[in-house]
Number of protein chains: 2
Amino acid sequence: MSQNPFSLGVSRRALLSGLAALPALSMLLPVPATARRAASDPLRSWNNTASKKAIVDFVDRVTKRGSPDFVPEDERIATFDNDGTLWAEQPMYFQLLFALDRVKALAPQHPEWKEKEPFASLLRGDVKGVLAGGEPAIAEIVIATHTGMTNEEFEQIVRDWIARAKHPITGRLYTEMVYQPMLELVAYLRAKGFKTYIVSGGGIEFMRPWTERVYGIPPENVVGSSAKVKFELREGKPVLMRLPEINFINDGPGKPVGINEHIGRRPIAAFGNSDGDLQMLQWTTGGSGLRFALIVHHTDAEREWAYDRNSSIGHLDKALDDARARGWTVVDMKNDWKTIFPFGNK
Amino acid sequence: MSQNPFSLGVSRRALLSGLAALPALSMLLPVPATARRAASDPLRSWNNTASKKAIVDFVDRVTKRGSPDFVPEDERIATFDNDGTLWAEQPMYFQLLFALDRVKALAPQHPEWKEKEPFASLLRGDVKGVLAGGEPAIAEIVIATHTGMTNEEFEQIVRDWIARAKHPITGRLYTEMVYQPMLELVAYLRAKGFKTYIVSGGGIEFMRPWTERVYGIPPENVVGSSAKVKFELREGKPVLMRLPEINFINDGPGKPVGINEHIGRRPIAAFGNSDGDLQMLQWTTGGSGLRFALIVHHTDAEREWAYDRNSSIGHLDKALDDARARGWTVVDMKNDWKTIFPFGNK
């Protein structure tokens with residue numbers, strides 16, 4: 001949940017509408033080699049600082065038989081935010097960049113957009129003009145680009161985009177803009193018997209087409225925001241139509257609700273980077289027994305981006321205070337991470 | 001979705017509100033011995049009729065390497081309706097019997113119910129009078145008994161009830177009123193690499209406290225109807241409050257929507273028993289590749305109950321016609337099942 005309803009952060013609430021994909025039939029590709037080569041040290045891209053030690057200590061305590069903090073495998077649930085926690089989110093949420101690209105692609109079929117805001121500004125290349133329209137403008141763009149088709153059609157649109165679109169600053173594929181230390185952490189937890197889930201404010205169907213290939217997290221382990229979907233028979237063929245209406249916002253206080261609805265168990269470990277993750281971390285650490293909460297603090301302006309309390313994207317303020325007050329682990333990207341991206345730095 | 005909005009079947013739409021439970025910490029109990037002892041024949045309670053043959057043929061074709069119909073394990077999703085498919089549903093949905101029991105238990109705290117319908121009729125023992133009130137009466141009872149507490153509190157209420165309450169006709173625990181052949185089928189599919197899910201019109205949190213113990217299906221694999229839930233901090237302690245409002249009805253056309261939201265893949269096999277399962281079966285068989293759909297037809301008045309087209313509970317009409325037209329497997333309980341319940345017959 002954005003802290004400032006007039007900032008770009010609010011676009012998250014509109015964006016959420018990114019969703020519904022279908023049976024991900026080609027989801028069986030391996031985890032990237034970078035996530036596998038950790039031979040002796042599964043967390044080799046982490047410096048030997050307090051953050052790494054806290055992670056390993058927690059995992060040892062809940063997984064070693066005979067430990068007073070032992071947790072059976074079935075209950076080892078770990079939830080990860082996506083934007084700013086597993087992949088980057090600057091200069092704006094990648095799903096918003098997807099929506100902007102879609103407006104450009106769809107413009108020839110919508111000649112009226114040349115005269116109609118927020119589309120007119122966008123087509124003139126005036127992204128700031130679009131964003132000045134606030135949440136209603138973003139919502140209009142998301143609905144125009146994320147709904148009105150079947151889930152299968154939307155899945156294909158996402159697949160095509162994610163396979164080709166390039167990040168405006170690094171020129172990399174978006175799926176390369178993932179954090180190498182977090183890939184290692186997700187794989188490490190799975191190797192230790194954890195079930196790993198994504199719990200993101202982003203659209204559930206915007207993520208499902210690629211999370212298994214990139215993070216090893218299959219579609220059924222993705223929790224996100226969603227549009228209303230309706231079952232229909234079209235000439236006898238069953239389809240799920242994406243309606244121009246928000247179903248659920250999986251952000252802020254919505255995250256524990258989404259976790260409960262999808263998983264039905266409380267996580268024992270949760271990982272986030274912004275105030276939108278605060279309630280997920282509270283919910284996780286509020287359970288009985290040993291729990292773990294971690295915040296990725298973006299402190300490296302050179303290798304990635306540095307932002308927290310004054311940023312609209314990835315706004316981190318109250319959660320940072322809470323983390324310090326409650327002893328949650330705060331990752332200082334600049335000092336805790338040897339490598340940022342699999343390809344190196346920004 | 002009930003076919004007759006004035007019949008008892010409608011109570012399903014209200015009932016759905018049975019939901020939200022919390023991390024099911026004691027869900028690690030073993031599958032019942034009855035589901036395990038199948039030594040040589042995993043489907044030993046099935047007679048050697050066409051239904052059993054159709055099941056085994058399908059499973060062989062999708063699981064044998066080199067088969068043209070082979071499906072990788074990750075995509076072997078099987079979804080099961082609950083009421084009337086895995087456990088009985090007569091003389092009415094067990095969740096409705098739970099709600100009626102709860103009204104009696106809560107009556108001392110609600111002296112006003114003595115004068116107020118539908119509670120007054122119910123407390124006089126006039127269940128028919130309650131049901132005459134139709135959907136609004138049922139909805140009022142469900143909301144009074146399923147919401148207004150935290151998810152954890154509701155989970156405990158369900159655990160207490162399911163451990164002790166007895167079926168009004170057989171005098172058995174409700175968790176004994178499960179179909180032995182279906183227990184074997186669920187276990188058989190899991191042994192063959194399938195992921196088994198419950199997809200029920202019943203409340204998701206009414207089922208989660210006991211489905212792992214009874215069916216071997218963990219909380220994260222249960223899809224059902226739900227009430228709205230809200231995250232709150234109570235004296236600093238995070239809770240999920242169950243609000244008196246329906247969130248989602250996982251019945252009829254809602255089943256493919258619930259499947260997509262929770263699983264994000266299309267099932268390759270689905271099992272139901274009523275028109276409320278029709279769209280799930282259409283959605284499942286509408287995918288490409290080999291698919292399997294099965295309807296449990298209640299044909300055994302002596303050992304269980306016999307009902308279909310004229311029943312409000314478990315109404316089976318259009319789905320039976322479709323099954324015959326499309327070649328779906330229809331289980332004739334009387335002739336296809338050697339045993340009905342683990343304890344024998346009704």
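The values are calculated or read from the model by the stated rules, or taken from the named source; none is laboratory data. None of the values given here were measured: they were computed from a predicted structure. When we count neighbours, we look across all protein chains shown, and the Cβ atoms used for this are built from the backbone with ideal geometry, even at glycine. Accessible surface areas use protein heavy atoms only, side chains included; no ligands, DNA or RNA. Shrake-Rupley method; radii C 1.70, N 1.55, O 1.52, S 1.80 Å.
Tabulated data
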{"item": "Total residues in region B:209-224, condition within 11 Å of chain A (Cβ to nearest Cβ) and not β-branched (Val, Ile, Thr)", "result": "7"}
{"item": "Residue in region B:270-281 that is touching a residue at least 12 places away in the same chain (Cβ under 8 Å), in contact with an Asp or Glu (Cβ under 8 Å, 6 or more places away or on another chain), at negative phi and of a type in the set (Phe, Trp, Tyr) present", "result": "yes"}
{"item": "So B:Ala187, is it within 30 Å of B:Glu112 (Cα to Cα) and open to solvent by 10 Å² or more (accessible area, probe 1.4 Å)", "result": "no"}
{"item": "Residues of region A:219-230 that turn out to be open to solvent by 20 Å² or more (accessible area, probe 1.4 Å) and not charged (D, E, K, R), as a count", "result": "2"}
{"item": "Residue, surrounded by the fewest Cβ atoms within 10 Å (Cβ to Cβ), within region A:235-282, restricted to residues that are part of a strand (DSSP E or B) and more than 11 Å from chain B (Cβ to nearest Cβ)", "result": "A:Glu245"}
{"item": "Hits in region A:283-303 - residues which are in contact (Cβ under 8 Å) with a residue 40 or more places away in the chain and either β-branched (Val, Ile, Thr) or not in a loop (DSSP other than H, G, I, E, B) (or both)", "result": "A:Thr284, A:Thr285, A:Phe292, A:Leu294, A:Val296, A:His298"}
{"item": "Output for region B:143-159, where each listed residue is charged (D, E, K, R) and over 19 Å from the mean Cα position of the chain (by Cα)", "result": "B:Glu152, B:Glu153"}
{"item": "Residue, nearest to the other protein chains (Cβ to nearest Cβ), within region B:283-293, restricted to residues that are closer than 16 Å to B:Thr196 by Cβ and open to solvent by less than 10 Å² (accessible area, probe 1.4 Å)", "result": "B:Thr284"}
{"item": "So B:Val178, is it within 16 Å of B:Lys104 (Cα to Cα), crowded, with 21+ Cβ neighbours inside 10 Å and touching a residue at least 24 places away in the same chain (Cβ under 8 Å)", "result": "no"}
{"item": "Every pair of residues 6+ apart whose Cβ atoms lie under 8 Å, when the first sits in region A:210-221 and is over 14 Å from B:Gly264 (Cβ atoms) while the second is of a type in the set (Lys, Arg)", "result": "A:Gly216/A:Arg190"}
{"item": "Count of residues meeting criterion [part of a helix (DSSP H, G or I) and within 19 Å of B:Asn82 (Cβ to Cβ)] in region B:304-319", "result": "1"}
{"item": "Selection count where residues are within 20 Å of A:Glu176 (Cβ to Cβ) and either open to solvent by 30 Å² or more (accessible area, probe 1.4 Å) or part of a loop (DSSP other than H, G, I, E, B) (or both), scope region A:198-218", "result": "6"}
{"item": "Filter pass, A:Thr196 being within 12 Å of chain B (Cβ to nearest Cβ) and on the phi < 0 side of the Ramachandran plot", "result": "no"}
{"item": "Residues of region A:230-266 classified as over 25 Å from A:Val142 (Cα atoms) and β-branched (Val, Ile, Thr), total", "result": "1"}
{"item": "Residues within region B:294-314 that are buried (at least 18 other Cβ atoms within 10 Å of the Cβ), at pLDDT 95 or above and over 24 Å from B:Ile268 (Cβ atoms), tallied", "result": "7"}
{"item": "Only one of A:Phe119, A:Phe98 that is within 22 Å of the chain's Cα centre (by Cα) and in contact (Cβ under 8 Å) with a residue 12 or more places away in the chain", "result": "A:Phe98"}
{"item": "Sole exception among (1) closer than 21 Å to A:Ile246 by Cα; (2) modelled with pLDDT of 95 or more for A:Gly134, by number", "result": "(2)"}
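Yes/no matrix, rows are residues, columns are (1) in contact with a His (Cβ under 8 Å, 6 or more places away or on another chain); (2) more than 21 Å from B:Glu75 (Cβ to Cβ):
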position	(1), (2)
A:Trp210	no, no
A:Glu220	yes, no
A:Ser225	no, yes
A:Lys230	no, yes
A:Arg242	yes, yes
A:Phe248	no, yes
A:Asp251	no, yes
A:Gly254	no, yes
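Results for (1) more than 15 Å from A:Ile143 (Cα to Cα); (2) modelled with pLDDT of 95 or more; (3) out of contact with any helix residue (DSSP H, G or I) (no Cβ under 8 Å at 6 or more places or on another chain); (4) open to solvent by 20 Å² or more (accessible area, probe 1.4 Å), shown as yes or no for each residue.
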{"position": "A:Ala78", "(1), (2), (3), (4)": "yes, yes, no, no"}
{"position": "A:Asp81", "(1), (2), (3), (4)": "yes, yes, no, no"}
{"position": "A:Ala88", "(1), (2), (3), (4)": "yes, yes, no, no"}
{"position": "A:Pro91", "(1), (2), (3), (4)": "yes, no, yes, yes"}
{"position": "A:Leu100", "(1), (2), (3), (4)": "no, no, no, no"}
{"position": "A:Pro108", "(1), (2), (3), (4)": "yes, yes, yes, yes"}
{"position": "A:Glu117", "(1), (2), (3), (4)": "no, no, no, yes"}
{"position": "A:Ala120", "(1), (2), (3), (4)": "yes, no, no, no"}
{"position": "A:Arg124", "(1), (2), (3), (4)": "yes, no, yes, yes"}
